[in-house]
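Take a look at the structure below.
Laboratory data are not the source of any read-out in this text; all were calculated from the coordinates shown. Please read all numbers here as calculations on a predicted model, not as lab measurements. With ideal geometry, Cβ positions are generated from the backbone for all residues, glycine too; neighbour counts draw on all protein chains shown.
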Amino acid sequence: MTKGVGARLAALRAEIARHDHRYYVLDDPEIPDAEYDKLMAELKGLEAAHPELITADSPTQRVAGAPSGEFGEVVHQVPMLSLDNGFTEEDVAAFDRRARERLGTEGPLDYFAEPKLDGLAVTLVFKDGVLDRAATRGDGVKGEDVTPNVRTIRACPLRLHGEAPRLLEVRGEVFMPIAGFERLNREAEGRGEKTFVNPRNAAAGSLRQLDPRITAARPLRVYFYGLGVVSGWRPPETQSGLIKALETWGLPVCPHSERVRGAEGCLEYYRAMGRRRASLPYQIDGVVFKVDRRADQERLGYVSRAPRWALAQKFPAEEATTRVRAIEFQVGRTGALTPVARLEPVFVGGVTVSNVTLHNLDEVWRKDVREGDTVVVRRAGDVIPELVRVIPGRRPKPEPHRVQLPRHCPVCHSVVIKPEGEAVARCTGGFTCPAQRQEAIRHFASRRAMDIEGLGDKLVEQLVEGALVRAPADLYTLTVEQLQGLERMGEKSAANLVKAIEHSKRTTLPRLLYALGIREVGESTALALARHFGELDPLMGASEDDIQRVPDVGPVVAAHVAAFFASPEHREAIRRLRDEGVRWEPFDQGAAALPLSGQTFVLTGTLEGFSREQASEALTALGAKVSGSVSKKTRYVVAGAEPGSKLEKARSLGIEVLDEDALRRLLARHHE
Ligand code: IVH
């Protein structure tokens with residue numbers, strides 16, 4: 001009987017381990033959860049009836065044993081080293097040059113390039129294939145025994161697949177995927193508990209728990225990338241071979257590593273990972289290049305605490321902490337009051353950031369940002385910097401007050417209103433508010449509006465402050481003499497500006513409509529209105545209902561447009577523009593149409609550098625239409641990785657297909 005039970009237990013354990021591997025490592029589950037639960041229940045039942053048959057590698061034993069009082073100490077037989085850092089492309093070239101010089105190699109060296117995972121290093125000992133001990137890196141010589149905690153990481157096998165060496169020590173990084181980190185923080189926030197600052201801290205905090213039941217509830221993963229002590233096995237000749245061997249034992253390895261050739265290959269990998277960084281499911285702070293051949297590694301050896309055969313090439317940090325000096329409200333073109341955090345300047349994502357928008361008051365309250373707070377600021381890729389979160393423990397004492405909406409406009413002191421249910425508060429000063437006036441003029445002159453070259457922000461500020469310009473039409477009365485009196489304005493630039501202003505008098509209806517700065521009317525709505533009404537007068541005379549008939553114009557936009565033209569002040573402003581000689585052509589004869597107007601794009605597959613939404617947004621901003629299906633009317637199909645049937649259809653219809661690089665080039669061509 002027991003013999004039969006023993007066989008069934010072994011079979012169940014192997015089966016469950018196989019499903020864990022499929023689910024957590026391969027991301028390719030084979031059976032539904034309910035079926036998995038059934039296997040687990042059977043195993044637990046059998047083990048309860050035969051406790052003497054429970055083994056350490058049983059999946060029921062992932063969370064086992066009582067919480068310990070402290071971590072035991074583990075001395076690493078092979079020390080756990082650190083890596084030399086590189087920051088510039090020249091650092092990569094120098095690393096490669098030094099390696100080749102020392103090895104006396106003429107041609108390019110092969111490297112194994114890996115993401116530099118932002119987690120914490122661990123080392124695991126498998127004895128006869130069974131996980132025996134896991135430890136943190138500690139100071140590199142001595143670490144902490146975190147065996148019970150590592151056992152809870154479901155992606156980590158408790159027993160190696162296939163034939164295993166007598167002794168195998170593998171090293172890797174424990175990390176928390178971004179999705180899991182965000183979920184954990186959301187849950188903590190929901191319970192009113194402290195949140196983690198970043199995935200790395202969350203991973204470290206989760207692994208270093210004295211109660212492994214807590215660790216078990218945390219979404220930790222691990223990728224292995226190296227060896228410690230080994231006996232009874234001859235490791236492969238290369239790092240790339242080692243990674244493959246680890247993988248066949250069921251040890252998770254990073255899927256984004258690859259072998260590259262020479263410094264050039266390293267740099268290409270570095271740039272490609274930099275582009276992919278934001279869309280990876282885990283956080284990385286750089287990439288690691290390792291000389292691929294083990295024999296070469298041995299010849300290169302070590303300096304102090306780092307190998308000469310590896311380089312950690314860092315990305316500019318995307319997150320940094322700094323202090324909020326003040327929270328101020330900025331007044332926009334439509335009177336919207338936007339809270340802005342003034343920061344102690346901080347270098348993040350490759351630029352110095354000293355202001356971040358907080359969007360609106362609800363957002364300020366949600367994040368609970370206060371003056372004097374220490375905050376995490378993030379700037380990933382080319383995106384606008386954002387304030388991610390406050391570090392509550394660093395709030396000054398006594399606590400600063402919660403931010404309140406000012407009752408009066410900080411610029412013109414008119415009353416501020418915040419309609420019930422709306423996120424945005426507004427200054428009621430309208431055109432009497434210099435801030436609104438200034439923003440309106442700036443917008444009017446901007447490149448996509450009237451396109452007045454040389455009329456920059458500083459100049460607009462001076463013109464409005466000096467009362468030379470109150471309404472857009474005033475721009476057309478400016479003289480060289482008047483302009484020359486302004487800061488940094490010589491005769492020549494004044495004359496050029498007057499010329500540019502004169503030049504802007506010839507425009508198109510969509511540009512003019514956009515330039516007027518009607519609320520909710522961006523470029524594409526301006527184009528739709530121009531297309532529908534053909535001229536300004538019919539639009540000025542149209543009712544809200546008429547305006548709602550325009551494709552893509554809803555009731556809110558229609559109300560704003562009708563209200564704009566109903567205002568005597570605005571009608572006067574338009575009359576004056578006409579008087580000053582501003583003339584426009586209906587859109588179809590002019591060049592007002594956006595560069596991609598009339599072109600339909602279809603997206604398929606996964607793009608590395610942008611999400612679907614980002615790609616669609618970038619295209620529609622240039623006037624393109626993005627459609628979900630391919631037809632004869634499709635101008636381009638943009639195909640990312642693993643494209644679907646849309647690509648086949650495009651090919652069969654002879655439609656031009658763009659890859660991600662081609663899309664990038666096309667966007668770049670039409671931008672700025
Ligand atoms: S190799 C002797 N590979 O970076 C080689 N380390 O700065 C030592 N790390 O302590 C490590 N990703 O925590 C290596 N693909 C990778 C890595 C990696 C992240 C971490 C690891 C290590 C630190 C060294």
From the square roots a ≥ b ≥ c of the eigenvalues of the alpha-carbon gyration tensor of the chain, which class results: rounded (a/c under 1.5), prolate (a/b over b/c), or oblate? prolate
Rounded, prolate or oblate (a/c below 1.5 giving rounded, otherwise prolate when a/b exceeds b/c) for the range 332-371 by Cα gyration tensor: oblate
Once every DSSP H run of n ≥ 4 in the chain is given -39500 (n - 2.57) and the sum is divided by its residues, what mean residue ellipticity at 222 nm do you get, rounded to the nearest 500 deg cm²/dmol? -10500 deg cm²/dmol
Per the Debye formula with a single identical scatterer at each Cα and no solvent contribution, what log10 I(q)/I(0) holds for the range 77-166 at q = 0.15 Å⁻¹? -0.82
By how many nm would the segment from residue 503 to residue 90 lengthen if fully extended, with 0.36 nm per residue of separation less the alpha-carbon distance? 144.0 nm
Inverse of mean 1/r across different Cα pairs in the range 518-605, Kirkwood, Å: 14.3
Between residue 201 and residue 635, what is the spin-label point distance in nm, taking each point 7 Å from the Cα along the Cα→C-beta axis? 4.7
Taking max minus min of the Cα coordinates of the range 72-121 on each principal axis, largest first, gives extents in Å of 48, 23, 15
Estimated distance in nm for a label pair at residue 53 and residue 208, the labels positioned 7 Å out from Cα along Cα-to-Cβ: 4.2
Cβ neighbours within 10 Å, averaged per peptide: list 21-34, 207-220 in order, most packed at the top. 207-220, 21-34
Please list 654-666, 526-538 highest first by mean number of surrounding beta-carbon atoms within 10 Å per residue. 526-538, 654-666
Neighbourhood net charge (10 Å Cβ-Cβ; Lys/Arg +1, Asp/Glu -1) for residue 23: -2
Sorted by mean Cβ packing within 10 Å, highest first, what order do the peptides 473-486, 123-136 take? 123-136, 473-486
Using alpha-carbon coordinates alone, the radius of gyration and Dmax of the range 343-425 in Å work out to 14.7, 40
Relative to the chain, whose Cα atoms define the longest principal axis, helix 568-579 and its Cα axis are tilted in degrees, nearest 10, by 70
How far is helix 555-566 tilted, in degrees, relative to the longest principal axis of the Cα atoms in the chain, given as a value from 0 to 90 rounded to the nearest 10? 30
Note: residue 545 to residue 18 extended length (0.36 nm per residue) minus current alpha-carbon separation gives 183.4 nm
Identify the GluC sites (Glu not before Pro) of the range 219-290 meeting these criteria: DSSP loop state and at most 14 other C-beta atoms within 10 Å of the C-beta. 237
Amide N proximity, the range 84-108 versus residue 305 label position 7 Å along Cα-to-Cβ, cut-off under 14 Å: 84-85
Extending each Cα 7 Å along its Cβ direction at residue 166 and residue 467, get the distance between those two points in nm, one decimal. 9.6
Loop-located chymotrypsin sites (Phe, Trp or Tyr not before Pro) in the range 231-307 whose Cβ has at most 16 other Cβ within 10 Å (DSSP): 233
Which of the lysines could a cross-linker span from residue 397 if the Cα-Cα distance has to be under 26 Å and same-chain partners fewer than 8 positions apart are dropped? 194, 367
State the three equivalent ellipsoid semi-axes of the range 287-429, derived from the C-alpha gyration tensor as the square roots of 5 times its eigenvalues, in descending order and whole Å. 46, 16, 11
As an exercise, identify the trypsin sites (Lys or Arg not before Pro) in the range 405-457 lying in DSSP coil whose Cβ has no more than 15 other Cβ atoms within 10 Å. 407, 447
So which lysines can residue 127 reach, going by Cα to Cα under 21 Å and dropping same-chain residues fewer than 8 places off? 142, 244
